[in-house]
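Worksheet for the structure shown next.
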Amino acid sequence: MDNAQLLISGLANGCVYGLIALGFVLIYKATEAVNFAQGDFMMLGAFVTIGLTNTEYIGLPFLLALPLSLGIMAALGYLVDRLIIRRLFGESQTAVVILTIALGFVIRFVAGLIWGHEPQTLQNPLAGKEVRFGGLVLGMEDVAVIVVTVLLTWGLYVFFSKTRLGLAMQGASQNQLAAYYMGIPVKRVQGLIWALAGIVAGIAGILFAAKGSVDPTTGLLGIKAFAAAVIGGFGSLPGALAGGLIVGVIEPFASRYIAAGYSQIAPYALLLAVLIFRPHGLFSQVRVKKV
Amino acid sequence: MRIVFKTSYMQDIRPWKDGYQLCLYLILLAMVAAAPWWLDDFYLGELTNVLVWAIAGLGLMILTGHTGQASLGHAAFLAVGCYSNVILIEAGVPFLLAFPLAGLLTGIAGVTVAIPALRLHGIYLAIFTLALSVLMDDIIVLAEPITGGVAGKYLGGVEIFGHLVDRWGTPDQFFWLVLGVAVIVTLGYINLLRSPLGRSFIAVRDSEVSAQAMGVDIARTKMISFALSCAVTGLAGALMGLYAGAFNNETFSVIISIQLLMMIVIGGLGSIHGAFLGAIVIGFLPQFLSISKEYVGAIIGSNTVAIPGLEFGIFGVILIAFILFEPMGMYGRWLKIRTWFELFPFYRKDMFKRQKSYLKTERLR
C-alpha cells in the first residue's frame, strides 16, 4: 500500500514536470529553439494566479482568476516572442539558449521584487479535500493535476497531428524557408506557439501552487523538467509527459529505497544514461544525417 | 588608417600584426604587472579575481567560442581542478608540480566526459553538461573522505621555492602568480589559433560537414578541444580555490557554470579579448552595483535598500541587450568602433552584417 501511495504522489509530481517539459517540447517542436526560462514561466504563472486570487492581494474569485491569469501568461509568452525572440530569427540555437537563461534570471528577479521571496500557496477550492480510493488517500489537488495533465497532453497531441495550424507549426520548424514558400506565416506561427507555451506554463504553475508552495527560485525546477523532456525525447509530446512521469516516480522511490545523498542524483543519472545510450531520448525522432 | 606592408609569408601567421600592435600589448602588460604599485589591496584582489575568471573564460572559449560546443557545465571542471590541486598539495606534492598536474587531471576528466558527449549536438550537449554540473555538487558531498563534503576544504597559501604565496598575506605575489598563468595561457591560446589544430577547431565550429569534407577528423578535434578546454579551466579552478581560501560543494554550483558561459558571450564569443572583457564585467559588476546603490540611496535620502537578486537581474538584462543588439559581444562592438575611426568617413552600417541562415530540423519523422 505504501508503494502505491508513493507511486501516486510521484505521478502527481511527475505530471507537473511533464507539464513544464511539455512547454519545452512545444517551443522546440515549432521553432527548434529551447526555452530555458520555461521553469521560470511556470513560477511566474503561479505567482500571477496567486496575485489575482489570494485574499492578501487582489482576491478575485478562483474561477474568474483562472482564465484571467492564463490570458496574462499567453500575452506574456507572445510578447516575449514578439519583442525578444523574433529579433533572433535566423541566428544560432545557442544564442536563443543563452538568451532564455538570461530571461529566466530577469523573471526570477522581477517576481522576487513584486511578490517577495517567501514561499506562498495558492488559495483554491480544492485545498484540503481528499479522495479515498480503496485504502489509498489521495489529495484532491493530486487528482486534479493528473487529470488536467493527461487531458492537456492529449489535446496538444491531437492539435499538432490533426489541425491545420498544428501541422503548419510542425512545418515551420522542420524547414523555415520551405514553410515560407508553402505560405505558412512562420513568424506569426512562432508567436502563437510562444503564447501556447505561456498558457501551458500557466497551467503548470497553477497546479504546482495548488499542490505546494512557490517562491521565485521554484523556476529552477525547470532543470528537472528538462531532464524529463530529454528522457522523453525532445520533440515528442507524449514523450515529454512520459519523461516527466518517469522522473517524478523515480524521485520518491529513490529517496525511500536508496541511501540519502544518492537519491537526489537518480533523475540526473538517468538523464546522463539516456543521453549516453540513446542520445535523442527514449522516443527519438532523429536519424543521423548522412552527407 | 595604418596599412601593414607585408614582405614575407611569415607575417600572415605571426601572432601580432606589426610592431605597433606588439608595443601596445607590451605596454598593457607592463601596466597590469605594475598594478600592485598603483592599486590598493582591495582592488588588487578584485583584479586578481578578474584574471582568474578570465583564465576560466579562456578555457570555455576554446570549447564554446572556437569549437562551437556550448557547455553549461564548466563549473564541474573548475571543481575538479580546484580539488585535485588541493588534494595533491595535501599529499605533499609541491605547488609547482601540483598545479600543472591539476590541469592535466582535469583535462583527462574532460576527455572522459567528451567520449559520450561527442555524439551529442547543440542543445543536447548543453543539457548533458548542465546535468554534469548539477551532479558534481552531489558527487563532492558523497566523496566526503576525499573532498571534505559539505564542510569543504581549506587552503591557506602555497609555497613556491620556499616562499609563501598567500592571497591575504602577500596579495602582490599572488597577483603576479595569477598574472603569470594568465599570460602563459593566453600565449598558448594565440599559438593554438594559428596552428592547424586551432584552424580545425574553427572549421568544426563553422560547419561540421565542410570540415569533414576537408579532411578534419571531427571526433578527434572535438576530443582535443574538450581536453584543452577542461585543462585550462582546471588551472583556473585551482587558482580560484587559492583565491577563495575555503571552498565546498556549493562554491562550484550550476550558477557558476551559467555565469561563465554568459561571461564569454558578453565579452565576445570567438575572441581572446572577449574572455578578458567578460571577466571584467563579471568581476566588477557587484562592486559597481553596490557603489551605485549607495549613490542612488544618497540622492533619494533613504538608507541603502537591499534588493535580493538584483545582481543577477541586471546581469540578465545586460546579457539580453548584448544578444539582441551586439551578438559579437563587447569585443565585436570595439571592432566596429575601431573600424569606424580607421575608415572615417567611409564606414558603412552594414559592414559587419551577418548572413542569416534559415533553420532546418534534425528530426526526420
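Of note:
- Neighbourhood net charge (14 Å Cβ-Cβ; Lys/Arg +1, Asp/Glu -1) for residue A:121: -3
- Chain B: relative contact order as a whole-number percent, Cα under 8 Å and 6+ apart: 28
- Cα Rg, Dmax (largest Cα-Cα span) when computed across the protein assembly as shown, Å: 25.9, 90
- Note on the range B:1-110: the C-alpha convex hull projects to 11.1 nm² when averaged across all orientations.
- Given B:17/B:336; A:29/A:224; A:224/B:222; B:153/B:293; A:162/A:187, the pairs whose alpha carbons are separated by over 24 Å: A:224/B:222; B:153/B:293
- For the pair residue B:8 and residue B:206, a Förster radius of 25 Å applied to the C-beta separation gives a FRET efficiency near 0.35, rounded to the nearest 0.05.
- Cα centroid separation - the range B:231-293 against the range B:1-32, whole Å: 29
- With the convex hull drawn around the C-alpha atoms of chain B, the volume per residue stands at 197 Å³.
- Helix content alone sets the calculated 222 nm mean residue ellipticity of chain A: runs of n ≥ 4 DSSP H residues at -39500 (n - 2.57) each, divided across all residues, give -23500 deg cm²/dmol.
The numbers here are math on the coordinates, done by the rules we state, and not lab data. Just so it is clear, the structure is predicted and the values come from calculations on it, not from any experiment. In this analysis, Cβ positions are derived from the backbone assuming ideal geometry, glycine residues included, and neighbour counts consider all displayed protein chains.
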